[in-house]
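Presented below is the structure to which this report refers.
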Amino acid sequence: MKRLLIAIFCAFSALANGQTNSVLATGTWVKMSVAGDGIYKIDYSLFRKLGLNPDQTDPRKIRILAGNQGMLSQLNSSPRVSDLKEVAIQMVGQDDGVFNSSDYLLFYGQGPDQYHLDFNKGVFAYENNLYTDKNYYFVTVGPSNGLRIADNQSLTGTYPTITEFDDFTYYETEQYNELHSGRNWYGEQFSSKTSYTIRFTVPGIVNGSDLKLIYKVMAQSINPASFQFSLNGQPLQDKAMPTIINASYTDKGTEASDSLTISSATNQASSTTNWDVTIRFNKAATEKSVGYLDRLLFQ
């Protein structure tokens, strides 16, 4: 199971969209953070570490609440969530009303980033959260029973067994903001160091699958420069970058992005677990020439 970062806090009343009191206004609450999507487990021991007493807790009354996943929209017209919403959980061993040492709860937690499938392009797209690398959940023991995952009756008939699915992973770090303003942040800087290797560990890729590498880079180069991309030592692309003008009130950098397909005939996917993406910046010989990696997505 994944780990939880925990902090106990005091709750205050809030005013949002006409709501005079937040659900956090009453009761004892524990704030937890999760870094990524997955199923999280809170057992007897961890529940006590949260600052809650399992020996005095009716597990049927445990509740977990959360807000939105991802960044709030910049549009004022976008709908807002006025308060936290309860998350359905599975509480194993709750029927006797006692939190025994073997009891535990499970819930599905989501990280701070958002992603979706772009059906038109056939690729996954994601939005990196610029303000935090964690998402937060709130635990309390309420006066009434909490929301639980409901059991559904299995459908009759014969249905296919799903053994394959589309998957992706991504890499993005926020280290440099060249204008010292705005929301455009970049990761690795190609200057004194001109080459970086990013490893994606992706086991179980189905043999015969085409792979995709989607990237975005930025360069500040007065004279011609380029980025070279390779995967596990095999060249993929040499991307020439547009130059900039050495003057005030002009573009301070140029961005480039692309989607590269690695054929199933050459990628040996079924026998490979580690995928090393090497990016080399071929600097201009004179004048300013610096490159930046914005992000990578491996699908």
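Some notes on this structure:
- Answer residue from region 158-213, given it is hydrophobic (A, V, I, L, M, F, W, C) and farther than 20 Å from Q299 by Cα and is nearest to the chain's Cα centre (by Cα) among those: W185
- Failed item, numbered, when K216 is tested on (1) at pLDDT 95 or above; (2) in contact with a Phe, Trp or Tyr (Cβ under 8 Å, 6 or more places away or on another chain): (2)
- Verdict on G182 being under 26 Å from D258 (Cβ atoms), without any contact (Cβ under 8 Å) to a residue 12 or more places away in the chain and surrounded by fewer than 10 Cβ atoms within 10 Å (Cβ to Cβ): yes
- Every pair of residues 6+ apart whose Cβ atoms lie under 7 Å, when the first sits in region 235-256 and is of a type in the set (S, T, N, Q) while the second is part of a loop (DSSP other than H, G, I, E, B): T243/I222; T243/N223; T243/P224; N246/I222; N246/E287; T250/I244; T254/P242; T254/I244
- When residues of region 1-52 are limited to those that are of a type in the set (D, E, K, R) and at pLDDT below 50, the one surrounded by the fewest Cβ atoms within 10 Å (Cβ to Cβ): R3
- Test for T132: is it more than 30 Å from P54 (Cα to Cα) and touching a strand residue (DSSP E or B) at 6+ places or on another chain (Cβ under 6 Å): no
- Evaluation of E172 against (1) surrounded by 14 or more Cβ atoms within 10 Å (Cβ to Cβ); (2) free of Cβ contacts under 8 Å to residues at least 24 places away in the same chain (one fails), failing number: (2)
- Annotation: of all residues in region 180-229 being of a type in the set (D, E, K, R) and not in a strand (DSSP E or B), the one that is nearest to Q268 (Cα to Cα) is D210.
- Among strands (runs of 3 or more DSSP E) entirely within region 104-144, having at least 1 residues that are within 23 Å of I42 (Cβ to Cβ) and under 17 Å from the mean Cα position of the chain (by Cα) singles out 104-109, 135-141.
- Matching residues in region 253-285 - criterion: being of a type outside the set (V, I, T), surrounded by 11 or more Cβ atoms within 10 Å (Cβ to Cβ) and assigned to a loop (DSSP other than H, G, I, E, B): G253, Q268, K283, A284
To keep it simple, each residue is scored yes or no on (1) closer than 23 Å to T173 by Cα; (2) without any contact (Cβ under 8 Å) to a residue 40 or more places away in the chain; (3) surrounded by 12 or more Cβ atoms within 10 Å (Cβ to Cβ).
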site: I205; (1), (2), (3): no, no, yes
site: G208; (1), (2), (3): no, no, no
site: S221; (1), (2), (3): yes, no, yes
site: N232; (1), (2), (3): yes, no, yes
site: G291; (1), (2), (3): yes, no, yes
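- For region 84-103, residues that are part of a loop (DSSP other than H, G, I, E, B) and exposed (fewer than 15 other Cβ atoms within 10 Å of the Cβ) total 8.
- For G51, the test of being touching a strand residue (DSSP E or B) at 6+ places or on another chain (Cβ under 6 Å) and either on the phi > 0 side of the Ramachandran plot or in the same structural domain as T173 (by TED's automatic domain parsing) (or both) is passed.
- Any hit, region 98-121, residues being assigned by TED's automatic domain parsing to the domain that holds L52, free of Cβ contacts under 8 Å to residues at least 40 places away in the same chain and of a type in the set (V, I, T): no
The values are calculated or read from the model by the stated rules, or taken from the named source; none is laboratory data. This structure is a prediction, so every number in the text was calculated from the model and none was measured. Glycine also receives a Cβ, built like all others from the backbone with ideal geometry; neighbour counts cover every protein chain displayed.
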